[in-house]
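The values are calculated or read from the model by the stated rules, or taken from the named source; none is laboratory data. In this text the structure is predicted, and so the values were computed from the model without any measurement. With ideal geometry, Cβ positions are generated from the backbone for all residues, glycine too; neighbour counts draw on all protein chains shown.
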Amino acid sequence: MEQNPSTKLALSGHHAEITPDRYVPGSFTLTVDGTPQSHVDVGDPTHLFFEYVRRIGHVIDELRMPGEPITAVHLGAGAFTLPRYVEATRPGSRQQVVEIESDLVDLVRSALPLPKSASIRVRHGDARAVVEKLPPGLRGTVDLVVVDVFSGARTPAHVTSLEFYREVATLLAPTGVVAINVADGPGLAFVRGQAATLQTALGHVAALADAQVLKGRRFGNVVFVASATELPLDWMPRLLAGGPHPSKVLSGTELTEWIAGAPVVTDATAIPSPPPSKNIFQTKRGS
């Protein structure tokens, strides 16, 4: 691989670069517009570095029986960290990845090739527009939808609304789940609005995050797990035990109290996620 392969993304104008992790041989970080987007351990795709990605990995582990193939749709490609994880832990899974920046996909696939055995189809385009046009035969069959859509360091407004999540819900199998990565800072107005919106769209929601993030004391990522059917109660302690620590899982009455009456987000009221401060992305070793 060439030294630090990079490209200027034609659509957004952001600079994308893949750099080696000097602490973990065989691992690489994708940054877009200076924001770390993905971390990939080529030698061990089950090694998930970023905290929020590890939390989504724990959710993937709880789906169906261990090792059983699933059907997954990933909105936002990054460096294909989670599609690689699904293939490594659930060989034979059918996966579709939606990414608007085609040259980002080209960069990643050239520098960090996907496993040849993986059944991963890439669809190019805006996440919401592609979801609305997915084949009818896919609807009602998907075990996992991952929503991790960012333009630079912010989630675009149009993939945060009730109308969007209701469209995503049409993809799910009866016990399928949506895992959403949301970033917010002190006060958590954006994240609480997303929780209220997901409760309205799907009905059953759990929030996973660092305890200090959920208390609104620092900027960070919250992972929501949402389903049209009740989330298994035994998931909660296992998701908590999986770390990273210190962590907390909110669901049921506790989640409703935490939402604190935040309004449901609609297409008419949606705004992008708040930008982080420039010094926020300092990764901890071992995370």
Open item on the list: Against the condition surrounded by 12 or more Cβ atoms within 10 Å (Cβ to Cβ), part of a helix (DSSP H, G or I), of a type outside the set (G, A, S) and within 20 Å of the chain's Cα centre (by Cα), how does L239 come out, does it pass?
Closed with: yes
- [ ] Confirm whether S247 is of a type in the set (S, T, Y) and modelled with pLDDT under 95.
- [x] yes
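Here's the yes/no breakdown for (1) out of contact with any Ser or Thr (no Cβ under 8 Å at 6 or more places or on another chain); (2) touching a residue at least 24 places away in the same chain (Cβ under 8 Å); (3) surrounded by fewer than 21 Cβ atoms within 10 Å (Cβ to Cβ):
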{"position": "V177", "(1), (2), (3)": "no, yes, no"}
{"position": "V182", "(1), (2), (3)": "no, yes, no"}
{"position": "A201", "(1), (2), (3)": "yes, yes, no"}
{"position": "A207", "(1), (2), (3)": "no, yes, no"}
{"position": "L214", "(1), (2), (3)": "yes, yes, yes"}
{"position": "V223", "(1), (2), (3)": "yes, yes, no"}
Open item on the list: Please count how many residues of region 18-35 are at pLDDT 90 or above and within 20 Å of the chain's Cα centre (by Cα).
Closed with: 7
Open item on the list: Restricting to region 142-175, name every residue that is of a type in the set (K, R) and either surrounded by 20 or more Cβ atoms within 10 Å (Cβ to Cβ) or outside any strand (DSSP E or B) (or both).
Closed with: R166
Task: Scan of region 7-33 for residues that are small (G, A, S), exposed (fewer than 15 other Cβ atoms within 10 Å of the Cβ) and touching a residue at least 40 places away in the same chain (Cβ under 8 Å), ordered by number - done: A10
TODO: Identify all residues within region 202-216 that are over 23 Å from Q37 (Cα atoms) and out of contact with any Asp or Glu (no Cβ under 9 Å at 6 or more places or on another chain); write none if there are none.
DONE: L202, V205, A206, K215
Open item on the list: Looking only at region 195-209, how many residues end up being outside any strand (DSSP E or B) and under 14 Å from Y52 (Cβ atoms)?
Closed with: 0
